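Beneath this line is the structure, given in structure tokens, with notes to follow.
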Amino acid sequence: MLLVLRGRFVPASFGETGHYRADAVDVVAAQPLRYAGWQVCVECHDSEGAMKSRSFHRTVSCEVCHGPAAAHAEDVESQTPLIPRERGAECLSCHEYLSPRPTGFPQIIERLHNPLQACIGCHDPHDPTPPEVPESCSACHAQIARTKAVSHHLTLECETCHDARAEHRENPRSFLPRKPTAREFCGGCHSENADSPADIPRVDLRDHGERYLCWQCHYPHHPES
Ligand code: HEC
Ligand code: HEC
Ligand code: HEC
Ligand code: HEC
Ligand code: HEC
Ligand code: HEC
Ligand code: HEC
Ligand code: HEC
């Protein structure tokens, strides 16, 4: 009786290789391959492979970003892999700030880190080392740049008010830029007799908040009246 039931309910190959259905190996092997593995990719794409193997991304496999691409490896003419050029999930799934990530893992707060621009505009995905010398002030002063961008001072460059030497971007704390020190600096555009475009609002420096520096009342990166 027990043997009859076993014949009905237990697969024939069960037990051949221990507590396991031996036929499962063939069933799984018959499924189409979706991932080729990076070893296959670099046979043809040796330059991307070489670059990545020396970079911070050496442990990140090609198909993490390019999607399952076994079909492409089989037939390069008609099957093309994904190329995630947009700013988005591919990078952020690993790099968006999450407190449980290991200490020291490079993380960013997406909302504040160079908003709206594609990640690959500044980071090569195959060698993402940040540019040695960041081009823009906003790379490090994102909050100030974002504030200024929606203020009355949106058309002013940072350098209009801060004399920042190139060394500041390489070694920020050792070469601090200058900040305005006197009311006359703002007066250069805003005083009644200033030689500046006519649509800039004017004040009389002699009796407008005369006992204080201008930025004790107006935040220079978002001035309001
Ligand atoms: C047999 C050689 C071969 C293999 C293996 C191969 N590729 Fe390609 N791949 C090519 C060729 C050829 C092109 C087209 C190049 C071109 O037109 O510039 C290409 C193009 C690409 C492109 C660019 C597609 C586009 O739209 O511009 C990506 C991304 C890519 N391959 C990723 C991969 C990944 C990931 C793997 C591994 C899963 C892989 N390739 C495996 C030969 C190969
Ligand atoms: C971190 C994500 C990421 C990984 C990992 C990655 N790629 Fe890419 N790959 C990209 C992105 C994004 C682009 C588009 C770059 C651009 O347009 O400047 C790209 C572009 C390419 C291209 C097209 C190059 C061109 O300019 O037409 C090829 C080929 C390619 N990758 C192959 C590979 C191979 C092979 C690997 C593994 C050795 C790999 N990639 C690993 C994200 C990645
Ligand atoms: C599967 C996870 C994964 C994905 C997806 C990924 N990265 Fe990375 N990234 C890593 C790892 C791992 C490191 C190396 C961390 C380390 O060395 O401690 C790294 C390092 C970096 C670094 C270097 C940071 C430093 O310390 O200077 C930058 C920049 C970077 N990635 C940007 C990107 C960008 C841009 C993308 C999308 C195109 C991306 N990453 C996608 C895992 C990922
Ligand atoms: C305008 C250029 C620019 C853009 C766009 C940009 N980055 Fe960066 N990124 C930098 C610079 C410069 C640094 C180094 C200075 C810093 O930490 O801000 C950096 C640093 C990083 C780091 C390392 C942070 C750390 O603490 O070590 C990661 C990770 C990173 N970026 C990922 C990304 C991702 C993901 C995107 C897209 C969502 C992106 N970046 C968009 C310029 C850029
Ligand atoms: C690589 C990152 C980085 C870049 C790029 C950068 N800064 Fe800075 N900046 C810093 C750091 C770090 C400090 C010091 C902050 C502190 O001490 O709290 C700083 C401080 C400053 C200060 C304050 C000086 C003071 O005495 O309080 C000003 C002003 C400034 N930066 C302006 C700029 C301008 C303008 C640019 C673009 C030309 C720029 N920064 C680009 C990192 C950077
Ligand atoms: C209209 C002139 C003006 C412009 C434009 C301007 N700043 Fe400032 N900034 C100032 C003044 C004035 C101070 C000193 C404020 C104080 O001491 O309270 C200052 C202070 C700073 C500080 C140090 C104090 C703080 O708020 O963190 C940094 C950093 C800074 N600016 C960066 C920048 C960057 C980056 C830009 C461009 C995105 C910029 N500034 C554009 C006038 C300006
Ligand atoms: C290079 C010229 C220039 C300099 C220098 C300058 N500003 Fe301005 N400021 C402007 C312009 C342009 C506007 C916007 C006028 C408009 O909205 O049409 C403006 C607007 C303002 C406003 C009016 C905001 C409102 O609500 O209408 C205030 C307040 C102000 N700036 C304060 C300052 C202070 C404080 C400083 C010195 C830290 C300063 N500005 C330096 C050009 C300048
Ligand atoms: C004691 C605080 C205080 C100080 C200091 C101060 N302001 Fe003002 N400012 C105000 C107030 C309040 C207003 C709005 C009411 C008004 O127009 O008087 C204003 C308005 C303005 C306006 C807008 C005028 C208009 O017609 O829309 C400008 C431009 C301006 N200030 C520039 C400056 C400059 C430049 C300095 C430094 C020389 C400065 N302020 C110093 C408080 C101050």
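Only the coordinates and a few stated rules stand behind these numbers; no lab work does. Just so we're clear, the structure is a prediction, and the values are computed from it rather than from any experiment. A quick note on method: Cβ atoms are made from the backbone with ideal geometry, for glycine too, and the neighbour counts reach across all protein chains shown.
Rounded to the nearest 20, the size of the Cβ-charge dipole of the chain about its Cα centre is 940 debye, with Lys and Arg at +1 and Asp and Glu at -1. Compute, for segment 137-216, the length of the dipole vector about the Cα centre, with Cβ point charges of +1 (Lys, Arg) and -1 (Asp, Glu) only. Units Debye, rounded to 20. In total the dipole reaches around 420 debye. Largest GNM mean-square fluctuation among Ser55, Ser191, Ser13, using the chain with Cα springs under 10 Å: Ser13. Normalised by the number of residues in the chain, the average gap of Cα pairs under 8 Å and 6 or more apart makes the relative contact order 12 percent. Counting only DSSP H runs of at least 4 residues, each contributing -39500 (n - 2.57), and dividing by the residue count of the chain, the helix-based mean residue ellipticity at 222 nm comes to -7500 deg cm²/dmol.
Mean sequence separation of contacting Cα pairs (under 8 Å, at least six apart), scaled by the length of segment 134-224, corresponds to a relative contact order of 30 percent. Would you mind telling me which residue in Cys140, Cys186, Cys158 has the biggest mean-square fluctuation in a Gaussian network model of the chain, where springs connect alpha carbons within a distance under 10 angstrom? Comparing Cys140, Cys186, Cys158 in the GNM, the peak value goes to Cys186. With Rh defined as the Kirkwood radius, the inverse of the mean 1/r over Cα pairs, the Rg/Rh of segment 1-136 is 1.19.
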